[in-house]
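Below: one structure, written as structure tokens.
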Amino acid sequence: MKKMRVAIIGQGRSGHDIHSNFLRSSANTFAEVVAIVDELDFRREIGKREFGCDLYSDYRELFGRDDIDLVVNSTYSNQHYSVAKDLLKHGFNVLSEKPFARSLLECMDLIKTAKENGKIVTAFHQSLCIPVMRKLKEIMASGIIGDIMQISLRYSSFGRRWDWQTLQYRCAGSVYNSGPHPIGQALEFLDWDKNTRVAYASLRKALTLGDAEDYGKIILTSPGKPTIDIEIIAADAYADPYNFKVFGTNGTVVATNSSYKMKYIDRDKLEDREVMHSSLVTSDGMPIFCREELPIIEVEEDLGADCYDIANLDVYTQLYNAIMLGKPLEVTPEKAAMVVNIIDTCHAMNPLPLIYSEE
């Protein structure tokens, strides 16, 4: 098997702790890192120790090389668009970290630029590939919990930040930073319906020391689809341990990233009843509450703790198949653009004062 040759721009939390770590893991048998780009000397030296590859302080030093199959764009979020476009114009396939860009217009321009140059571009939406997503979609499609009415997605915590991910000019804040995870998952549950709309959005500051939001409440709707309720809150002192909650007409599924529990009614054992037009009463005529013991079935399954290791392998396998074998991507740039459009719409509905700017 011919290996996919990869360059990584940026050796921060994403570039190093996600991409570099995966690419030097035993799970990766099909790609090799041939170049590391970072403006900091010590980070480049770490890259040399880990990969023994070429080192650069500026991504433009890659221009002219024709032996790189994929460039991973792990720059600051406000640089994703400009760096990706520059790379595409110079003949590179690009995987950008989330968010894909700042707006739908920028996303569509990247897609257009990729097509004009015969290259592939997409965003690193690994949360779409964790095993629990496939399991939840399988359960929903089976009908076992009935018609799906609502899906709640929680991406909350309790803590404050003061790094670049709190600054609007960096295209940051909780919804641009963490939001692509639950928003992408929400759109996956809605089958990427182009009629999806932001029915409600509230963005606010709670604990953050920057000028971007760390509170996000978003409700998405689509004709004939379940309502999606998303929370991305950094001030939730009692954060729900379940990232996912799927409400059906016959029961409910709750799930973390690595396990799920399901409780639903056994319809075959449900007692037949007729609708009453008067109050329920005891034998001596006293009123009683309308309740019964439902025949319940409960299911619980552990899907494994290495969910993101599996997801990272899935994303990079897709990229290998697309770049090296000409197969279509599953996580397409058009999907990444839909995520950004939702985020941008939420911000347009909730403009926050700009306090900080690039020095």
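The values are calculated or read from the model by the stated rules, or taken from the named source; none is laboratory data. No experiment lies behind these values; they were computed from the predicted model shown. Neighbour counts run over all protein chains shown; Cβ positions are idealised from the backbone, glycine included. All accessible areas refer to the heavy atoms of the entire protein, side chains included, with ligands and DNA or RNA removed. Shrake-Rupley method; radii C 1.70, N 1.55, O 1.52, S 1.80 Å.
Every residue, every condition in (1) under 29 Å from ILE310 (Cα atoms); (2) touching a Phe, Trp or Tyr at 6+ places or on another chain (Cβ under 9 Å); (3) at pLDDT 95 or above, yes or no:
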| site | (1), (2), (3) |
| --- | --- |
| TYR176 | yes, no, yes |
| ALA186 | yes, no, yes |
| ASP214 | yes, no, yes |
| ASP229 | yes, no, yes |
| ALA237 | no, yes, yes |
| THR256 | yes, yes, yes |
| MET276 | no, no, no |
| THR282 | no, no, no |
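Counting only residues that are open to solvent by 60 Å² or more (accessible area, probe 1.4 Å) and either modelled with pLDDT under 95 or at negative phi (or both), segment 314-340 holds 5 of them. Residues in segment 146-160 that are crowded, with 18+ Cβ neighbours inside 10 Å and of a type outside the set (Gly, Ala, Ser): ILE148, ILE151, LEU153, ARG154, TYR155.
Could you run through segment 312-339 and say how many residues are within 22 Å of ALA101 (Cα to Cα) and in contact (Cβ under 8 Å) with a residue 12 or more places away in the chain? First the steps, then the outcome.
Within segment 312-339, the subset within 22 Å of ALA101 (Cα to Cα) is 312, 315-316, 318-319, 322-323, 328-339.
Still in the list and also in contact (Cβ under 8 Å) with a residue 12 or more places away in the chain: 312, 315-316, 318-319, 322-323, 329-339.
Adding up the residues that qualify gives 18.
Checking each residue in segment 84-112 for being open to solvent by 10 Å² or more (accessible area, probe 1.4 Å) and in contact with a strand residue (DSSP E or B) (Cβ under 6 Å, 6 or more places away or on another chain) picks out ASN93, LYS98.
When the residues of segment 249-290 are narrowed to those that are assigned to a strand (DSSP E or B) and of a type in the set (Val, Ile, Thr), which ends up least open to solvent (accessible area, probe 1.4 Å)?
VAL253
The residue list LEU303, LEU294 contains one member that is open to solvent by 50 Å² or more (accessible area, probe 1.4 Å) and in contact (Cβ under 8 Å) with a residue 24 or more places away in the chain, which is LEU294.
Within segment 18-33, being crowded, with 20+ Cβ neighbours inside 10 Å and either under 19 Å from the mean Cα position of the chain (by Cα) or not in a strand (DSSP E or B) (or both) holds for HIS19, SER20, LEU23, ASN28. Residues of segment 49-71 that are farther than 22 Å from LYS2 by Cβ, open to solvent by less than 60 Å² (accessible area, probe 1.4 Å) and part of a loop (DSSP other than H, G, I, E, B): ASP58, PHE63.
Would you confirm whether or not segment 118-128 contains a residue that is open to solvent by 60 Å² or more (accessible area, probe 1.4 Å) and at pLDDT 95 or above? Yes, that holds for at least one residue.
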